[in-house]
Amino acid sequence: MSPAPLSILIAPDPRLKTRARPVREEDGAAVADLVPRMFAAMYEAPGIGLAAPQVGVGLRLCVIDLQPENVKTPLVLINPSIVAASEDFVTREEGCLSLPNQYADVTRPARVRVRFHDLAGKSQEIDADGLFAACLQHEIDHLDGILFIDRLSPLKRNMILRRLAKEQRQKAAG
Ligand code: NI
């Protein structure tokens, strides 16, 4: 029997605002179990990135797949950190599986270098720009309890949260 699918937490769930703890060696079995289920939930949504806190797991772990040319290219990042960021910034529209149907322009460094461990425990470094850079920063933010709306003005943030709450109420009312 396959395990129950993971459900993705919707803002303002307090678990989305909690800083996740580093993955340790003894978490290996839990991580091995979690990663394929996170990919399944992400592809099902569908989305291009998902962080463990979004499925209620407070570990520094995220999965990304930008699916270039519709080819699955899964990437697992364990304990990722931004080790360098460009001085120039770009603004790009972002969304989030924890804020369904909500989009806003977010300004972030245009390029980042990210260090992380892969599933085999090997240390890796990647340089990213464009959508990939934004996605990496967005997912790493989740590990610190930061949502993309936290990078907007309070006015804009509250507007989105109110709209989301209203849509969720309407959805629940069916
Ligand atoms: Ni997100």
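Every number here is computed from the coordinates shown, using simple stated rules; none is lab data. None of the values given here were measured: they were computed from a predicted structure. Note: ideal-geometry Cβ built from the backbone for every residue, glycine included; neighbour counts use all protein chains shown.
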The stretch 37-97: GluC sites (Glu not before Pro) in DSSP loop, at most 16 other beta carbons within 10 Å: E87
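With only Lys, Arg, Asp and Glu charged, each at its Cβ (+1 for the first two, -1 for the last two), find how big the charge dipole of the stretch 31-174 is about the Cα centre; round to the nearest 20 debye.
On the way: 17 positive and 18 negative charges, 123 e Å.
So the dipole magnitude of the stretch 31-174 works out to roughly 600 debye.
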Stokes-Einstein diffusion coefficient of the stretch 84-155, Kirkwood radius over Cα pairs, 37 °C, 0.692 mPa s, in µm²/s: 250
Kyte-Doolittle mean at least -0.5, axial Cα span of 18 Å or more - DSSP H helices of the chain: 28-44, 130-143
Theoretical FRET efficiency, 1/(1+(r/R0)^6), r = Cβ-Cβ of E125 and L9, R0 45 Å, to 0.05: 0.90
Highest-fluctuation residue, F89, F116, F148 considered, GNM on the chain with Cα pairs under 10 Å: F89
The chain, relative contact order [Cα under 8 Å, separation at least 6], %: 23
Alpha-carbon centroids, the stretch 109-145 and the stretch 15-79: separation in whole Å: 12
With at most 15 other Cβ atoms within 10 Å, longest stretch of the chain clear of loop trypsin sites (Lys or Arg not before Pro) (DSSP): 123-174
Choice from A11, A32, A133 with maximal GNM fluctuation in the chain (Cα, 10 Å cutoff): A32
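Given 10 °C and 1.306 mPa s, how large is the Stokes-Einstein diffusion coefficient of the chain in µm²/s, with Rh as the Kirkwood radius over Cα pairs?
Stokes-Einstein gives a translational diffusion coefficient of 95 µm²/s.
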Table column - 3J(HN,Hα) (Hz), the stretch 49-63, Karplus curve with 6.51, -1.76, 1.60, x for Gly and Pro: x, 8, 10, 3, x, 5, 10, x, 10, x, 10, 7, 8, 9, 10
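Could you tally up the Lys pairs in the chain with alpha carbons closer than 22 Å? Skip any pair fewer than 8 positions apart unless they're on separate chains.
Within the chain, the lysine pair count is 4.
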